[in-house]
Amino acid sequence: MDIFEPLTLGRTRLANRVAMAPLTRLRAGEDGVPGDLLVEHYQQRAGLGLIITEGTYPVREGRTWIGQPGIETDAQVAGWKRVTDAVHAAGGRIALQIMHGGRISHPEITGTGRVVSASALAAPGEVRIPSGKADHPVAHALEIDEIPDVVRGFADAARRAIEAGFDAVEVHGANGYLIQQFLAPSSNQRDDAYGRTPEGRARLAIEVVTAVAEAVGADRTGIRLSPEHNIQGVVDSDPAETAATYAALAAGIAPLGIAFVDILHADLRGELVQAIRRDSGTPVIGNSGFSSQTTRDEASALITEGVVDAVAVGRAAIANPDLIERWRHDAEENTPNPGTFYGPTGEGYIDYPTLARV
């Protein structure tokens, strides 16, 4: 195998084994409707085997940032339909990442008067709100009878994503957002069926993936995980407990036969990641982390050694719309500009040159 070989994930056939990692960019305005910038940005990167979009909120209470896109309203669905049409016209495949931020937000952003999580704890640090910056508030601990609404929100969002033309959906269970807030003991101090044990902490993730698979088909469903990534106050400090929790999650989703698991971890060759891969029985998209930019050689080695089935790249995909062609010809890459990663304009978003424009 090599990175340029095709791969089938569920019902989606990829032209190569390089995926665009989900990357928050905040270009969807106050109303969360994808516009011309998103259409152009994603279409430019259609040469990648699979584009996984930025985290997109399923319901307003799951909104994390101003400028984040949603998939809740008819206008948002229509906006995303323009994106998927453009990507497909360019020969690409695209999956929507469905993301509920949980406590990583603020009532001024959710508009519901609260943020929610597994337990009544505040995330560390600050969040940007319209008036400036504010501390993350103490979250409302979801009641047992509120959790089915959260699950239903993911499933409804998945249906809307398919209506918008997406090839697949990815449930965001990583990076300290709501589902991972349930997975980690540091943020889940519940003593009911959604806490207390590894099986309890994994329960919400399993229920969401199950509901999404029932809504749109397991062969169009994936989940992103980031065990031991330890950000935004979600910390996996006990390796044995972490391994047990993700083993419970893998066992819970294994019977579904979903399309892929997308794992962000610094050691993709390690036992934790490989156990998730083995126990879920699912193809794995691997992302080696945020500490350094993924190189062509690293991606190639992960595939040729059989460590993962596909590789997700972030900064290289931001800066190189034609990344696959650059890697295929071992060409020099553009350097990403972190100062333009977030913001409302096209600078650093749709203006990186391709080889043809250099």
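The values are calculated or read from the model by the stated rules, or taken from the named source; none is laboratory data. The shown structure was predicted, so the numbers you read here are calculated from the model rather than taken from an experiment. Note that we place each Cβ from the backbone using ideal geometry, even for glycine, and neighbour counts take in every protein chain shown. Ligands, DNA and RNA are excluded from the accessible area calculation, which covers all protein heavy atoms including side chains. Shrake-Rupley method; radii C 1.70, N 1.55, O 1.52, S 1.80 Å.
Of the accessible area of the stretch 107-207, with the probe set at 1.4 angstrom, what percent is carbon plus sulfur?
Summing carbon and sulfur atoms, their accessible area is 48 percent of the total for the stretch 107-207.
Looking at the stretch 142-198, which GluC sites (Glu not before Pro) are in a loop (DSSP not H, G, I, E or B) and have at most 16 other Cβ atoms within 10 Å?
Sites meeting the loop and neighbour criteria: Glu143.
Along the Cα→Cβ direction, 7 angstrom out, place labels at Ala90 and Asp2. What is the inter-label distance in nm?
Those two pseudo-labels are separated by 2.4 nm.
In a Gaussian network model over the chain where Cα atoms closer than 10 Å are linked, find which of Ala310, Ala89, Ala174 has the largest mean-square fluctuation.
Answer for the Gaussian network model of the chain: Ala89.
With every protein chain left in place, what is the accessible area of Thr304 in Å² (1.4 Å probe, nearest 10)?
80 Å²
Among Pro124, Ile147, Gly62, whose Cα sits farthest toward the positive end of the charge dipole of the chain (+1 at Cβ of Lys/Arg, -1 at Cβ of Asp/Glu, about the Cα centre)?
Selected residue: Gly62.
Roughly how many debye, to the nearest 20, is the charge dipole of the stretch 1-119 about its Cα centre, given +1 on each Lys and Arg Cβ, -1 on each Asp and Glu Cβ, and no other charges?
280 debye
Given the options Gly70, Gly32, Gly233, state which has the largest fluctuation in a GNM of the chain using a 10 Å cut-off (strictly under) for Cα springs.
Judging by the Gaussian network model, the answer is Gly233.
List the relative contact order of the stretch 112-265 as a percent without decimals, with contacts defined as Cα pairs under 8 Å and 6+ residues apart.
RCO, the stretch 112-265: 24 percent.
Report the local net charge at Ile350: Lys and Arg +1, Asp and Glu -1, summed over other residues whose C-beta lies under 11 Å from its C-beta. Kindly include the intermediate steps, with their values, before the conclusion.
Working: positive: Arg25, Arg27, Arg45; negative: Asp36, Glu40, Glu347, Asp351.
That works out to -1.
Probe 1.4 Å, all protein chains in place: accessible area of Arg328 in Å², nearest 10?
Here the residue's solvent-accessible area equals roughly 110 Å².
Considering only the other residues whose Cβ falls under 10 Å of the Cβ of Pro130, what net charge follows from Lys and Arg at +1 and Asp and Glu at -1?
Details: positive: Arg128; negative: Glu30, Glu108.
For residues surrounding Pro130, the net value is -1.
Quote the relative contact order of the chain in percent (integer), defining contacts as alpha-carbon pairs under 8 Å separated by 6+ residues.
Dividing the mean separation by the residue count of the chain yields 18 percent.
Return the distance in nm (one decimal) between the two label points of a simple spin-label model at Val138 and Gln274, each offset 7 Å from Cα along Cα→Cβ.
4.5 nm
Name the residues whose placed amide hydrogens come within less than 5 Å of the amide hydrogen of Ile51, ignoring near sequence neighbours (fewer than 5 apart) on the same chain.
When sequence neighbours closer than 5 places are left aside, the close amide H contacts are Met20, Arg93, Ile94, Ala95.
Can you work out the Karplus-derived ³J(HN,Hα) for every residue in the stretch 327-339? Use 6.51 cos²θ - 1.76 cosθ + 1.60 with θ = phi - 60°, whole Hz, and x for glycine or proline.
Going residue by residue, I get 5, 4, 9, 6, 8, 5, 9, 5, 9, x, 10, x, x Hz, with x marking Gly and Pro.
Using modelled amide H (1.01 Å from N, peptide plane; none on Pro or chain starts), what sits under 5 Å from the amide H of Val115, excluding residues fewer than 5 places away?
His140
Share of the stretch 223-295's accessible area from carbon and sulfur, percent, 1.4 Å?
On the way: 1510 of 2730 Å².
Answer for the stretch 223-295 is 55 percent, counting heavy atoms of protein chains only.
Could you give the accessible area per residue of the chain, probe 1.4 Å, as a whole number in Å²?
37 Å²
In debye to the nearest 20, how big a dipole does the chain give about its Cα centre with +1 on each Lys and Arg Cβ and -1 on each Asp and Glu Cβ? Display every interim value, and only then the final one.
On the way: 32 positive and 47 negative charges, 72 e Å.
With Lys and Arg at +1 and Asp and Glu at -1, about 340 debye.
For the stretch 128-210, rounded, prolate or oblate, judged on the Cα gyration tensor with a ≥ b ≥ c (square roots of eigenvalues), a/c < 1.5 rounded, else prolate if a/b > b/c?
Since a/c reaches 1.5 but b/c is at least a/b, the shape of the stretch 128-210 is classed as oblate.
Tally Lys and Arg at +1 and Asp and Glu at -1 over the other residues with C-beta under 10 Å from the C-beta of Glu228: what net charge comes out?
-2
Work out from phi, with θ = phi - 60° and the Karplus expression 6.51 cos²θ - 1.76 cosθ + 1.60, the ³J(HN,Hα) of each residue of the stretch 100-116, listed in order in whole Hz, and give x for Gly and Pro.
Per-residue couplings from phi come out as 9, x, x, 6, 7, 5, 7, x, 5, 9, 6, x, 10, x, 7, 10, 10 Hz.
Using only the alpha-carbon atoms, what does the chain span along each of its principal axes? Please give whole angstrom values in decreasing order.
57, 45, 34
Subtract the Cα-Cα distance of Asp238 and Asp267 from 0.36 nm times their separation in residues, and report this length gain in nm to one decimal.
8.8 nm
Take the chain, connect every pair of alpha-carbon atoms lying under 10 Å apart with a spring to form a Gaussian network, then pick out the residue of Asp85, Asp156, Asp145 with the largest mean-square fluctuation.
Comparing Asp85, Asp156, Asp145 in a Gaussian network model of the chain, the most mobile one is Asp145.
Using only the C-alpha atoms of the stretch 203-331, find the volume of their convex hull and express it per residue in Å³.
Value for the stretch 203-331: 124 Å³ per residue.
Length gain on complete extension for the stretch Arg159 to Thr345, per 0.36 nm per residue less the alpha carbon to alpha carbon distance?
Fully extending the segment from Arg159 to Thr345 adds 64.0 nm.
Val171's amide H: which non-local residues (gap 5+, or another chain) put their own amide H closer than 5 Å, with H modeled 1.01 Å from N in plane and none for Pro or chain starts?
Amide H neighbours of Val171, under 5 Å, 5+ apart: Ile98, Gly222, Ile223, Arg224.
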